[in-house]
Structures are given as structure tokens and as C-alpha cells.
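Let me begin by presenting the structure, written as C-alpha cells, before commenting on it.
Read-outs: derived from the displayed coordinates by stated rules, not from any lab. As the structure is a computational prediction, the values presented were derived from the model and not from experiment. When we count neighbours, we look across all protein chains shown, and the Cβ atoms used for this are built from the backbone with ideal geometry, even at glycine.
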Amino acid sequence: MKVLVIEDEQKIARAVSTGLKQEHMNVEIAEDGPTGYSMAMGDDYDVIILDRMLPGGKDGLEICKDLRKQKLSTPIIMLSAKSQTKDKVAGLNAGADDYMVKPFAFEELLARVRALTRRPKEMPRTCITVGPLTLNMNTYQAERSGKHIRLSRTEYALLAYLMRNAGRVMSKDQIISHVWDFDSTVLPNTVEAYVKYLRDKVDRAFPKERPLIETARGFGYIIHTDESRPR
């Protein structure tokens with residue numbers, strides 16, 4: 001899961017980022033309004049956590065309104081020290097999906113992030129299933145045909161991304177953007193290496209079953225659904 005945090009208070013931004021990363025999420029941070037808006041429009045995020053008061057001449061309300069005008073449907077959680085009902089209404093009317101008052105408990109923020117990503121959009125459910133392969137989003141465990149598959153943290157994140165996008169070819173750049181942290185140094189052959197690790201565990205460990213992970217040469221990688229698999 002990829003999250004954009006638009007927050008100018010560095011202490012809050014770092015705390016939120018650290019907590020979400022511990023939950024196996026990829027987090028990027030913007031510290032002012034214009035940068036946050038540009039990042040939100042320029043990449044594909046699963047959730048945006050947006051502070052209401054931001055420097056740079058573009059506050060959270062404006063950002064939220066403008067993103068919705070551009071038909072961006074990414075769930076948005078607005079953060080603010082403003083706690084009156086009229087302030088919450090203004091945030092929600094601007095297009096936010098949720099509104100949290102500072103200070104807040106990280107556990108509550110995490111619960112709200114997960115609640116938003118469970119809403120219909122083919123986003124994370126308790127389990128993702130593609131054919132005989134199942135990934136439990138609560139326990140971070142994978143199974144194929146009832147047999148447990150042990151995964152590293154990066155292998156889990158890669159498999160989750162491919163399974164969420166089952167039936168679609170994901171390029172190496174897309175995979176790097178969603179699986180690795182923003183400041184990580186990742187080369188294309190790093191993706192190839194981790195795809196190989198996954199194939200060893202998900203496909204080659206089940207020689208009597210049809211391989212699930214395929215290479216679209218020159219484009220990227222795909223986990224096929226029954227509908228997307230070539231006849």
C-alpha cells in the first residue's frame with residue numbers, strides 16, 4: 001500500500017511515516033501545499049493523509065477541492081487542530097473522506113487508513129485471492145493450495161502489489177514506486193531478483209500446478225486471473 005503524507009510539522013510527519021512503514025506500507029512525504037498537490041496528481045497512491053494548514057500558499061482545503069475537481073478519487077484523511085463541527089464539515093465538504101483532530105493516536109489513524117482502503121475500489125480486503133493463491137492482509141501470510149508460503153517483508157509487499165493488480169501488467173518502475181521506500185536505491189535488476197525469489201516460493205515450489213507469475217517481456221510482470229490468461 002502506498003501512502004502520501006502532506007504535513008509540514010516534521011515531528012508528526014516522521015511519526016506517521018515510521019508507524020505506517022512498520023505496517024509494511026510505502027510512505028512519501030510532502031512538507032508544503034504545492035509540492036503535496038503535485039505529488040498527489042503525479043503518482044498513484046492508495047491513501048492521502050492531508051494536513052489542513054500548510055505553507056506554500058495552498059492549504060489542505062484547497063488541495064482537497066482541486067484534487068476532486070481533477071476527478072482524483074484517492075481516499076483522503078484530513079488532519080487539523082481545528083476541532084469545531086464547522087471545521088470538520090468544511091473538510092468533508094471539500095472532498096475529504098475522513099477528518100481527524102490533532103493530537104491523535106497513531107492506532108486510530110492506522111484503523112482509519114485501513115477502513116478507507118477496504119471501501120469498494122478493489123482495494124485491500126482481509127484476504128486477496130487469485131486462483132489457488134491467498135494473501136492474508138492482517139497476518140501477512142501467504143498460502144497456495146492450503147500450503148503456507150514463508151515470505152520476507154519485501155517479498156510480501158511485492159506479492160501484495162501484484163495480486164492487487166491481478167490481470168494487469170505492472171512495469172518495473174511501478175513496482176519500485178509502490179514496493180520500496182521513496183528514498184531507497186533500487187535498480188531494475190533488484191526487481192528481477194525479487195520476482196525470482198517469489199517465483200521460487202509461489203510457482204516452482206508447486207511443480208504440478210500452473211505458474212501464476214508471468215513476465216511480459218519488455219513491459220513488466222503480471223499475475224493472471226482466469227479471465228486475463230491468454231487462451
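The calculated 222 nm mean residue ellipticity attributable to helices in the chain amounts to -11500 deg cm²/dmol, summing -39500 (n - 2.57) over DSSP H runs of n ≥ 4 and dividing by all residues. If the segment from THR129 to GLU9 were pulled out straight at 0.36 nm per residue, it would be longer than the present Cα-Cα gap by 39.3 nm. Rounded to whole numbers, the Karplus 3J(HN,Hα) couplings from phi for the stretch 168-173 are 10, 7, 9, 6, 4, 4 Hz, using 6.51 cos²θ - 1.76 cosθ + 1.60 with θ = phi - 60°, and x at Gly and Pro. With N as its number of residues, the chain has a Cα radius of gyration that, divided by 2.2 N^0.38 Å, comes to 1.09.
Our estimate of slack between GLN70 and THR185, defined as 0.36 nm per intervening residue step minus the Cα-Cα distance, is 38.2 nm.
Calculated FRET efficiency, PHE104 to ARG150, Cβ-Cβ distance, R0 = 41 Å: about 0.70 to the nearest 0.05. Counting only residues at least eight positions apart within a chain, or on another chain, the lysines with an alpha carbon under 29 Å from that of LYS196 are LYS2, LYS21, LYS147, LYS172, LYS208.
Residues of the stretch 6-30 with an amide N closer than 19 Å to a point placed 7 Å from the Cα of SER83 along the Cα-to-Cβ direction: 12.
Ranking SER171, THR190, LEU133 by Cα position along the charge dipole of the stretch 127-223, where only Lys, Arg, Asp and Glu carry charges on their C-beta atoms, puts LEU133 farthest toward the positive end. Determine the distance separating the Cα centre of the stretch 1-25 from the Cα centre of the stretch 145-212; give it in Å without decimals. Between the Cα centre of the stretch 1-25 and that of the stretch 145-212, the gap is 24 Å. Computed over the chain, relative contact order equals 15 percent, with contacts defined as Cα pairs under 8 Å that lie 6+ residues apart. Using the Cβ-Cβ distance between PHE219 and ALA193 with R0 = 25 Å, the FRET efficiency computed as 1/(1 + (r/R0)^6) comes to roughly 0.85.
A straight Cα-to-Cα reach below 16 Å connects LYS82 with the lysines LYS102, residues fewer than 8 places away in its own chain not being considered. The simple Förster model, with R0 at 45 Å and r as the Cβ-Cβ distance, assigns ARG210 and ASP43 a FRET efficiency of 0.85.
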